[in-house]
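First up is the structure itself, then whatever we jot down about it.
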Amino acid sequence: MELVVNILLGIVIAATPLVFAAIGELVVEKSGVLNLGVEGMMIVGAIAGFSVTIESGNYLAGVISAIAAGALMALLFGFLTQTLFANQVATGLALTMFGLGLAALWGQDYSGKAAGNFPRLDLPVLSDLPLVGKLLFGQDYLVYLSILLVVGVSWFFRKTRGGLIVRAIGENHDAAHAIGYPVVLYRYLALMFGGACAGLGGAYLSVVQTPFWAEGMTAGRGWIALALVVFAAWRPGRALLGAYLFGGITILQLHSQGFGVKVEAQYLSMLPYLATIAVLVIISSDRLKVKLNAPACLTQPFRAAT
Amino acid sequence: MRYQSFTRLTVAALAAAAFVAAPAAVQAKKMKVGFVYVGPIGDHGWSYQHHQGLLAVKKAFGDKVETTHVENVPEGPDAERVTRQLAQQGHDIIFTTSFGFMNPTIKVAKQFPKVKFEHCSGFKRAKNVATYNIRYYEGRYVNGVIAGRMTKSNTVGYIASFPIPEVVRGINAAYLGAKSVNPKVKFKIVWVSTWFDPGKEADAAKALADQGADVIFQHTDSPAAMKLAEQRGISAIGQASNMKAFGPKAQLAAAVNDWGPYYVARVKAAMDGTWKSTDTWGGIGAGMLTIASVHSRIPADVRKQAEKVRADIAGGKFHPFTGPLNKQDGKPFLKAGEKAGDGLLAGMNFYVQGIEGSLPK
């Protein structure tokens, strides 16, 4: 039983950076912008969070820096694509490359250093419950934040006026503009929220999960987050599910190897990706549904007619 | 000191010669040394150690050399492009430091017969291509002895990257070392199919710890497993470089690659005109592999035992792969007293008897 709890704990930790990055990108895409620079924003968040945590010894400061760094990267993307009308796909790819390089430069003095243990929730009695205590009431604070974010985003889109406006802009920016909503401003805000989340996801990797800094340590998680958004058909709850599915299979295949399950390791390593592709195929088998879900103005630049 | 005075003499001689004959000035040209790394210097493992070797070259020759390094070069077409560029820029000797750089190196070497190439960990040589590598398995055997004595659960975890002979040899050596001092020891091996993914390496270490491993070996490049061992209060063995900063309590010992002496010797040979295409496979004895920072919490008799094994391997008195030894399926591998030759070692693609689980193909 304890092993099961440990496996579940492993899954939560493997999934959380993906939850952050995916939920951020989901909001961005809902507003009609495709930012392929998630990987770049994550890695900059990772080094920002780690370096500030090391320098200040304060986890909160580290986390806030990661959020700010990710948002700044997104602001740069916003300026290029929303104000200067650069191509979103090309700019996103460039943002990833820029982020990887910038983080490497920034991190030169930080490789070889290690952070301490990130603070965890510690409730009297509850956290000490056998088995479920650690799982439900003993995680680090960022895990709870990631779940809250998903719930919050879901609520935002469903129940608030702001969410409705963002969705409208993503579906038909000309109509939204005609009614008088500032399309570009909302897109800037959505982008910065996405960047902040990606930065937080990166920081989770460098400050909580490993916790150290190494160049290129996001190792493709930004791309997985992007795939998860499509996988989720732009629904926050499903993005959470997808991230946990991905993390779950990653952890389970490692454990199954430890138990000596006789399956080739390469197949096991492929499993999380295969599962993602399989679900993607199932979801997109109904074309109409995909069309209904995908924001209609995704990747389309908006120029206000004057 | 020797190098410095040598430098001064040469500089003086060349300065004098320059007044007399212009062509001599060509001789005064610095030796240009190029390095191609597969990862970032900041990986704190494989590429980091190669870069330490570059720094050793700089330190040894000072003004007489000019070094260039290119990081993060993917294995494939980019490797060829980068290597060719270095050759075109007039580098006299180029070190390419990843297995996957083998074919690109051979290809570029054909086009630049005057440039000397050194490829790390490959098996293809040419007149101007030498190969070199370290006998990592020697260090893994010694650390296996330490792990075998230190494990309380008799379960040793091993995070492996790809099923190539290099990695398989390391697993076998570590197992034989542990088994030699602890007949009850079991190895749990997890393949992560990557050299570098700190998150996944940490996940793998976590899985192994959850399944009862209390000493963790790794054959991947980041210190994630070491850091996790530190958090969990278990032990780990450092790989490629000293990972003490990540596991001040956890790290039992580290096998550290030391490329410096080899690089200095080869650059020197290139300067002296004595460079030849050779195949170097150096281990503890050659000073290319050191067992670093053996932890003080290890009992004295264990430390002594490990040190004896280390010294015997270094002095050639003991070979980690000595018969009688069977393959995992029970087929004989080495007869009693037989030592595995380099050919057998280079092609090792099976587990030795006693290791559980199947080796991915």
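Would you please state the base-10 log of I(q)/I(0) at q = 0.18, 0.22 1/Å for region B:66-190, with intensities from the Debye formula using one equal scatterer on every alpha carbon?
-0.86, -1.10
What is the calculated FRET efficiency for B:Thr290 to B:Ala265, with r their C-beta to C-beta distance and R₀ = 22 Å, to the nearest 0.05? Present the calculation step by step, with values, prior to reporting the outcome.
Working: r = 17 Å, r/R0 = 0.76.
The pair B:Thr290/B:Ala265 has a calculated efficiency of 0.85.
For the protein assembly as shown, state the average projected area of the convex hull of the C-alpha atoms over all orientations, rounded to one decimal in nm².
That works out to 35.7 nm², a quarter of the Cα hull's surface.
For region B:120-171, state which trypsin sites (Lys or Arg not before Pro) are in a DSSP loop and have at most 13 other beta carbons lying within 10 Å of their beta carbon.
Values: sites: B:Lys124, B:Arg125, B:Lys127, B:Arg135, B:Arg140, B:Arg149, B:Lys152, B:Arg169; in loops: B:Lys124, B:Arg125, B:Lys127, B:Arg135, B:Lys152.
Sites meeting the loop and neighbour criteria: B:Lys124, B:Lys127, B:Lys152.
Among B:Cys120, A:Cys197, A:Cys297, which comes first, then next, by fewest other beta-carbon atoms within 10 Å?
Details: B:Cys120 25, A:Cys197 32, A:Cys297 22.
Fewest-to-most Cβ neighbours within 10 Å comes out as A:Cys297, B:Cys120, A:Cys197.
If you average the alpha carbon positions of region A:74-150 and of region A:279-306, how far apart do those two centres end up, in angstrom?
Here the answer is 27 Å between Cα centres.
Please work out the Kirkwood hydrodynamic radius for region B:193-293, using every pair of different C-alpha atoms, and report it in angstroms with one decimal place.
Working: mean 1/r = 0.0662 Å⁻¹.
15.1 Å is the Kirkwood radius here.
Of all the Cα-Cα pairs you can form in chain B, what percent are over 29 Å apart?
Numbers: 28520 of 64980 pairs.
Considering chain B, 44 percent of its Cα-Cα pairs are separated by more than 29 Å.
Mind listing which GluC sites (Glu not before Pro) in region B:290-361 are in a DSSP loop and have 12 or fewer other Cβ atoms within 10 Å?
Numbers: sites: B:Glu307, B:Glu338, B:Glu356; in loops: B:Glu338, B:Glu356.
Here the sparse-neighbourhood loop sites are B:Glu356.
Would you mind getting me the FRET efficiency between A:Arg120 and B:Ala346? Use the beta-carbon distance for r and R0 = 41 Å, nearest 0.05. Intermediate results must be reported in sequence, preceding the final value.
On the way: r = 48 Å, r/R0 = 1.17.
So, using R0 = 41 Å, E works out to roughly 0.30.
With the contact rule set at Cα under 8 Å and sequence spacing of 6 or more, what percent relative contact order holds for chain A?
Relative contact order, chain A: 37 percent.
At what distance in angstrom do the alpha carbon centres of region B:175-234 and region A:219-257 lie from each other?
Using only Cα atoms to place each centre, the spacing works out to 24 Å.
Note down the nm distance, to one decimal, between modelled labels 7 Å out along Cα→Cβ at B:Phe123 and at B:Glu75.
So the two model labels end up 1.4 nm from each other.
At each listed q (0.24, 0.27, 0.29 Å⁻¹), what is the log10 of I(q)/I(0) that the Debye formula gives for region A:234-276 modelled as equal alpha-carbon point scatterers?
-0.77, -0.88, -0.96
Rg and Dmax of region B:295-343, Cα atoms, in Å?
14.4, 40
Treat each spin label as a single point 7 Å out from the Cα along the C-beta direction, and report the A:Leu131 to B:Asp272 distance in nm.
Each label point is offset 7 Å from its Cα along the Cβ direction, giving 7.1 nm.
Cβ under 14 Å from B:Val73's Cβ, B:Val73 left aside: what net charge do those residues give with Lys, Arg +1 and Asp, Glu -1?
Summing Lys/Arg as +1 and Asp/Glu as -1 gives -4.
What is the magnitude of the charge dipole of chain A about its Cα centre, with +1 placed on the Cβ of each Lys and Arg, -1 on the Cβ of each Asp and Glu, and no other charges, expressed in debye to the nearest 20?
In debye, rounded to 20, chain A gives about 880.
Starting at the first residue of region A:101-113, write each ³J(HN,Hα) from the Karplus equation 6.51 cos²θ - 1.76 cosθ + 1.60 with θ = phi - 60°, in whole Hz, x for Gly and Pro.
x, 4, 5, 4, 5, 4, x, 3, 8, 10, 6, x, 9
Given a 10 angstrom Cα cut-off, can you work out which residue in A:Phe98, A:Phe77, A:Phe259 is the most mobile in a GNM of chain A?
Maximum among the listed residues: A:Phe259.
Which of B:Thr131, B:Thr97, B:Thr322 moves most in a GNM of chain B, Cα contacts under 10 Å?
B:Thr322
Counting residues in region A:210-306 as N, plug N into 2.2 N^0.38 Å and put the Cα Rg over that result.
Taking N as the residue count of region A:210-306, the ratio is 1.40.
Under 17 Å from a point 7 Å along the Cα-to-Cβ line of B:Ala245: which residues of region B:36-53 have their amide N that close?
B:40-53
Only counting other Cβ atoms within 10 Å, I'd like A:Asp122, B:Asp203 sorted with the fewest neighbours first.
Working: A:Asp122 10, B:Asp203 28.
Placing the least packed residue first, the sequence is A:Asp122, B:Asp203.
Checking the cross-link filter: which lysines have an alpha carbon closer than 21 Å to that of A:Lys291, excluding same-chain neighbours under 8 positions apart?
A:Lys30
Put +1 on the Cβ of every Lys and Arg and -1 on every Asp and Glu Cβ in region A:2-293; which of A:Ile282, A:Leu241, A:Thr81 then has its Cα farthest towards the positive end of the dipole?
Toward the positive end, the furthest listed residue is A:Ile282.
What FRET efficiency would be calculated for the residue pair A:Leu60, A:Ala304, taking the C-beta separation as r and a Förster radius of 45 Å, to the nearest 0.05?
0.70
Highest mean first, how do B:282-293, A:123-134, B:249-260 rank when packing is the count of other Cβ atoms within 10 Å averaged over residues?
B:249-260, B:282-293, A:123-134
Put one equal scatterer on each alpha carbon of region B:23-118, apply the Debye formula with no solvent term, and list log10 I(q)/I(0) at q = 0.13, 0.24 1/Å to two decimals.
Once normalised to I(0) and log-transformed, intensities are -0.43, -1.25.
Using +1 on the beta carbon of Lys and Arg, -1 on that of Asp and Glu, and nothing else charged, what's the dipole of the protein assembly as shown about the Cα centre, debye to 20? Please list the in-between numbers first.
Working: 63 positive and 42 negative charges, 241 e Å.
The calculated dipole for the protein assembly as shown is roughly 1160 debye.
Along the positive direction of the dipole of region B:152-211 (beta-carbon charges: Lys, Arg +1; Asp, Glu -1; about the Cα centre), which of B:Ala209, B:Pro165, B:Gly177 reaches farthest?
Toward the positive end, the furthest listed residue is B:Gly177.
Stokes-Einstein at 4 °C, 1.567 mPa s, Kirkwood radius from Cα pairs: D for region A:114-242 in µm² s⁻¹?
75 µm²/s
On C-alpha positions alone, give me the angle between the axis of helix B:46-61 and the longest principal axis of chain B, in degrees, nearest 10.
40 degrees
Across the Cα atoms of region A:12-139, what radius of gyration and what greatest pairwise Cα-Cα distance (Dmax) are found, in Å?
17.5, 57
Once you charge only the Cβ atoms, +1 for Lys and Arg and -1 for Asp and Glu, what is the size of the charge dipole of chain B about its Cα centre, to the nearest 20 debye?
720 debye
For region A:2-293, max minus min Cα coordinate along each principal axis, in Å, sorted largest first?
Computed over region A:2-293, the largest-to-smallest principal extents equal 59, 47, 41 Å.
Between helix A:2-30 and chain A, what is the angle of the helix's C-alpha long axis to the longest principal axis, kept within 0 to 90° and rounded to the nearest 10?
Tilt relative to chain A: about 10 degrees.
Neighbour counts of other C-beta atoms within 10 Å: give me B:Asp43, B:Asp272, B:Asp279 arranged from fewest to most.
Ordered from fewest to most neighbouring Cβ atoms within 10 Å, B:Asp43, B:Asp272, B:Asp279 come out as B:Asp272, B:Asp279, B:Asp43.
Can you find, among B:Gly62, B:Gly39, B:His51, the residue sitting farthest towards the positive end of the charge dipole of region B:28-73, where Lys and Arg contribute +1 and Asp and Glu -1 at Cβ?
Farthest along the dipole direction, towards plus: B:Gly62.
Using a/c under 1.5 as the rounded threshold, could you call region B:224-351 rounded, prolate or oblate? The axes a ≥ b ≥ c are square roots of the C-alpha gyration tensor eigenvalues, and prolate needs a/b larger than b/c, oblate otherwise.
It comes out oblate by the Cα gyration axes.
Values in this text are rule-based calculations from the coordinates and carry no lab data. Here the structure is a predicted model, which is why all the values come from computation and not from measurement. Virtual Cβ from ideal backbone geometry, glycine too; neighbours counted across all protein chains shown.
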